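Quick note: the coordinates plus some simple rules give every number you see, no bench work behind them. Predicted model, so just to flag it, every value in this text is computed and none were measured. Every residue, glycine as well, gets a Cβ built from its backbone with ideal geometry; the counts of neighbours run over all protein chains shown.
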Amino acid sequence: MYHSTSSRTAQTNAPIVFIVDDDLVLSGSVASLLSSVGYSTKAFSGPEDMLAHPLAHKPGCLILDVRLQG
């Protein structure tokens, strides 16, 4: 499952900040903070979800929970 905090991402080739964390409250907070200063974000609950998303191969940055289960 993922959620997006920016609709402009799908419309442009702007870089995206991908957030992968199984704590949905934390990933939502990080996404909201980054969106508030103009970054396009996509948050995912796991790496498989992110890699399966069509935008995963676009230019961007990854914020990853290094203690993810699995």
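General remarks:
- Rounded to the nearest whole Hz, the Karplus-based 3J(HN,Hα) values (6.51 cos²θ - 1.76 cosθ + 1.60, θ = phi - 60°) of the stretch 44-51 follow the sequence 10, 8, x, x, 5, 4, 5, 5, with x at glycine and proline.
- Computed packing ranks the peptides 53-61, 33-41, 13-21 as 13-21, 33-41, 53-61, most packed first, by mean other Cβ atoms within 10 Å.
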